[in-house]
Structure formats: C-alpha cells, structure tokens
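The values are calculated or read from the model by the stated rules, or taken from the named source; none is laboratory data. These numbers come from a predicted model, not from an experiment. Neighbour counts run over all protein chains shown; Cβ positions are idealised from the backbone, glycine included. Ligands, DNA and RNA are excluded from the accessible area calculation, which covers all protein heavy atoms including side chains. Shrake-Rupley method; radii C 1.70, N 1.55, O 1.52, S 1.80 Å.
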Amino acid sequence: MLKTQAYINGKWTNAESGKQFSVLNPATKKEIAQVSDCDEKEIQQAIESAHNAFKTWKNTSAGERANLLRKWFDLMIQHKDELGNILALEAGKPLQEAIGEVVYGASFIEWFAEEARRAYGDIIPGHQANKRIQVIRQPIGVTVAITPWNFPNAMITRKVGAALAAGCTMIVKPSEETPLSALAMAELAEKAGFPSGVLQFVTTSNAKLFGEIVTASSIVKKISFTGSTQVGKWLMEKSAGTLKKLSLELGGNAPFIVFDDADLEAATDGALASKFRNNGQTCVCANRIFVQEGIYDAFVKRFTEKVKAQKVGNPFDQGVSIGPLINYKAVQKVSRLITDATDKGASVICGGTLIQGEGHFFEPTVITKVNATMEIAHEEIFGPIAPIFSFKTAEEVIEKANDTSAGLAAYIYASNYKTIYQVSEALEYGMVGVNTGMISTTVAPFGGVKESGFGREGSKYGMDEYQVMKYICLEV
Ligand code: SIN
C-alpha cells in the first residue's frame, strides 16, 4: 500500500516536471520514499477534474454516496494494520496509537455515510396564505482540504467524510511530512469505487503555491484547513478575493485545571493522556497545567512518577508509548522553550533533554515554578513538556486560563458540581473536558473559538460546513 504518486482524476500521476520530494522516518531520519512533487499544472488539473466530477456527483442520491463511503470505511478497517504501519513509519506515532488513529479516522467515514441520508431541510409556514416556503441544503461545490502531519489519517477523513456525504467533491493536500498515509487511503477510496475526480490527492512540497492557487480559484468554493494560526490567517486573507467559505482548525493553548477536590489518580492519568498523546503534538494537548495549591505537591509527585514510567523509543518497539518528534525543527522549539523557562527561574523535575541517537527523540519533561513571563505560558508547545502552574481560586484560574488568543480545548478536574458548571461555562474555549483528558470523538463537534478558528468537524453539525442553504418560495 506504499503509493508514491499523486491521485488526480482517477489516475496515479507523476508531476510533469519529474520532481519528487523525500519522506523521512522521524525515528531514524532515513528516507522512506520519494513522492511526486506536484506543481501548478497538476493542481489546476485537479481543480478542473473536481469541477467536472461535481456536475454528476451533486446529483447522486444520498444512498449512493452513503454506500460508497461505507465501502471505504470497511476497507479502512480491513486494512487498519497496514495503514497503521505506514502512519507509524512516517509520523513516528507508536504503532498501537497509530492503529488507534486509523480506527478513529475511519469512524468519521462511517459517521458521515450515515449522516449523508439526513441532510434534512425545512418547511416554513408561509408569510401569505398562498405562499409555500421550503428550505433545502445543497452541496457548496468543489472543496479543498489542507491537512497536517500530526493526524495523517483522521484529519483527512473528518473533512472528506463530511464533504463527500454532502455531495461536494474534494481535493486533499496532505502534509509533505506524511503523504503516504493519505495515498494509502486514496488507494482504498479507488477500490471503494468513487467516480474519477470526486476525491483527489495532490502531493506537493510547495504548500504556498498550492494555497495561492486554490485560494485564487473561483471554482473552489470552500477550504477546510487544520494547522497553524499563522497559515490559517494567511489562507483567510488570500480567500477574501473570492469570498470563499472556510473552516479553520488552528492552534490551541489548552489549560488543564485541577482543583483541590479532584481525584488525584484520575487527574494525573488524565493529564498524562492529554499531555503526551502523540508526544504532545496535538492541538488539544494540555499546554498549561494549573493545579490548586492544596493538591499541588501531591499532583507534581504522582504525575512525575507516571511521566518517568513512559517508555520512549522506536514506534515499532514493544511497550513504547512515546515516539520521536516529527523533525529537528520541533526538537529546537522544545529546547528553546525549556531554556527560556529555566533562564527565568523554572525547575526541571524530570526530562529536559534531547535523547542522543538516530531519531528526533526528546525526554518527556515536567517543569515547575513556571509563570506568565515565560514563553511556554503563551506558545503552543507541540511537544513533550508539561509545565505545572499553581493557583489559589477559581476566579484567578479562569482569568489565567482565558489569558490567551487561542480557544480550542480546555480541561477541568473537580468534584464540586458548582465549580464544574461555573468554570466550564466561563472558559473561552470551543471544547471543555470535565474529569477526562480525552475529548476527541466523531459524534461531538470539534472546533475552537477566538484565534483557534471557526467551523465544526464531526458530529451532526459537520456536514453544515459543506452545504449552502436555499430557500424556495412557491406561490400556489
Ligand atoms: C488536533 O487537531 O491536533 C487534534 C485532533 C483530534 O484530537 O481529533
């Protein structure tokens, strides 16, 4: 299933220029494959093909679309081990976690296969006796997904599932770090039998060129992007010329708040799961852990014991729960944040250094004596550092938690229901986990507020992003 060509208009395609780019294994820094490096010609060709395919795809019945999506889902589950292997190889995710992502990713295809049949409209009582008013939902048209390396499978499926179910066609540009998972999924989509041009995968190392072409195109009606806030803003600016609809799932700075009355075992387990999922490289990872004074020392001690018990290593080795960081740039960022914090008075309780060897391995790190003057309090870490802040009152922690331009995910551990309701409602975030560190699921709306973007993915709301509402007024 190791495909290396782009998938355009139902054909496996090399870049006409003959160019390719390398995909590296972050655990060994060795090359896994060379992949077609598409240029303007292939990108335009994909847009044209998506446009042509839309003419018939939009008129298929919801049942036909549902059946194709269901076939694709079945194939993904059938091949979850192979897909997981490819994902672990290129993204460095421990194998079981990688297979878990494939199952999570496939669940969006299953969900939207079911949702396809439920694109209900409305009948509105007319404003005059002889008027009948009907509201229908129609597919927006040609859509584009620009997806990140941290979830090479699931960030694609939750966009594609919704788009195709709604009757849109979609062009996917996977991250240049992890195109192989995307191409393996393309192979399964081809087997499932989607018509040519309905779903295409354009691989390129030139993300800027791709962004410029799709934002300028009047054929492309919608772009869904998961990635950095900086790139999200750029895409929005570029899309203004054609007033394109956007969904932007951007960076987070998740507070993880533990109150004195929390269950210590549950809170430390939750913090571990949230902080170290994919080695800290998710937008919803705990970024700032706030612990109330009365439980602070006990929390730091128990959490540190659990962090030290994690096995860092090659994603394919038994018992490994933390793999490498994606690349050297990620290692540099983590090192910079630790140096800045310790220079300003923070203490490293465990970890703190690069593990010498073949890959981009970094020790899982716990730091205390952190404060708001440090870069770590404001930047999305995207790596295995857990900074633990202390606080006295609910009012104080709400203010600190909201003191950021990001607003994706937040977490609270407490047992008092008044605290739980008051704090979860006061947090300026799109998603709040209460007494759980894991909130991602197909059935709930995933997305943020403030500079974490807009639009919701998954859930019964996910298809709205790919539909336009039309009102028909009929005189009888
Ligand atoms: C992310 O966008 O990094 C998190 C994705 C998820 O949890 O579904």
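A few points about this structure:
- Taking 13 Å as the cut-off, no amide N atom of region 361-398 comes nearer than this to a point 7 Å along the Cα-to-beta-carbon line of ASP263.
- The label point for HIS51 and the one for ILE219, both projected 7 Å from the Cα toward the Cβ, are 0.4 nm apart.
- 22 Å Cα-Cα threshold exceeded, pairs from LYS400/LYS460; LYS159/LYS208; LYS41/LYS93; LYS131/LYS470; LYS238/LYS450; LYS19/LYS238: LYS400/LYS460; LYS41/LYS93; LYS19/LYS238
- Once the Cα atoms are used to define both axes, helix 80-91 deviates from the longest principal axis of the chain by about 60 degrees.
- With at most 16 neighbouring Cβ atoms within 10 Å, loop chymotrypsin sites (Phe, Trp or Tyr not before Pro) (DSSP) excluded, longest segment of the chain: 121-315
- Among the trypsin sites (Lys or Arg not before Pro) in region 335-397, those located in a DSSP loop and surrounded by at most 12 other Cβ atoms within 10 Å of their own Cβ are LYS392.
- For the chain, the 222 nm mean residue ellipticity estimated from helices alone, with every DSSP H stretch of n ≥ 4 adding -39500 (n - 2.57) and the total spread over all residues, rounds to -12000 deg cm²/dmol.
- Projected label points at GLU358 and LYS329, each 7 Å from Cα along the beta carbon direction, are separated by 2.5 nanometres.
- Count Lys and Arg as plus one, Asp and Glu as minus one, and take only other residues whose Cβ is under 10 Å from that of GLY126; the net charge is then +1.
- Taking amide H positions as modeled 1.01 Å from N, with prolines and chain starts lacking one, the residues under 5 Å from ASP39 and 5 or more places away or on another chain are GLU16.
- Relative to the longest principal axis of the Cα atoms of the chain, helix 95-115 runs at roughly 40 degrees.
- Taking a sphere under 13 Å around the Cβ of ILE295 and counting the other residues whose Cβ falls inside, with K and R at +1 and D and E at -1, yields a net charge of -3.
- Charge sum, other residues only, whose C-beta stays under 14 Å from VAL307's C-beta, Lys/Arg counted +1 and Asp/Glu -1: +4
- Förster-model FRET efficiency, 41 Å R0, ASP340 and ILE136, C-beta, rounded to 0.05: 0.15
- In plain terms, the chain from TYR421 to GLN44 could stretch by 130.7 nm, reckoned as 0.36 nm per residue minus the Cα-Cα distance.
- Its Cα gyration tensor gives the chain an equivalent ellipsoid; the semi-axes, largest first and in whole Å, are 38, 28, 19.
- The phi torsions of region 199-210, fed into the Karplus equation with coefficients 6.51, -1.76 and 1.60 and a -60° offset, translate into couplings of 9, 10, 10, 9, 9, 7, 8, 9, 4, 5, 4, 4 Hz, rounded to whole numbers, with Gly and Pro shown as x.
- Between TRP12 and ALA372, the simple label model (points 7 Å from Cα in the Cβ direction) yields a spacing of 5.6 nm.
- Our note on the geometry: Cα centres of region 398-432 and region 157-232, 33 Å apart.
- Between region 36-76 and region 438-453, the alpha-carbon center distance in angstrom: 26
- In Å², nearest 10: area of ASP122 left accessible to a 1.4 Å probe: 90
- Cβ-derived FRET efficiency at R0 56 Å, ALA129 paired with ASP403, nearest 0.05: 0.50
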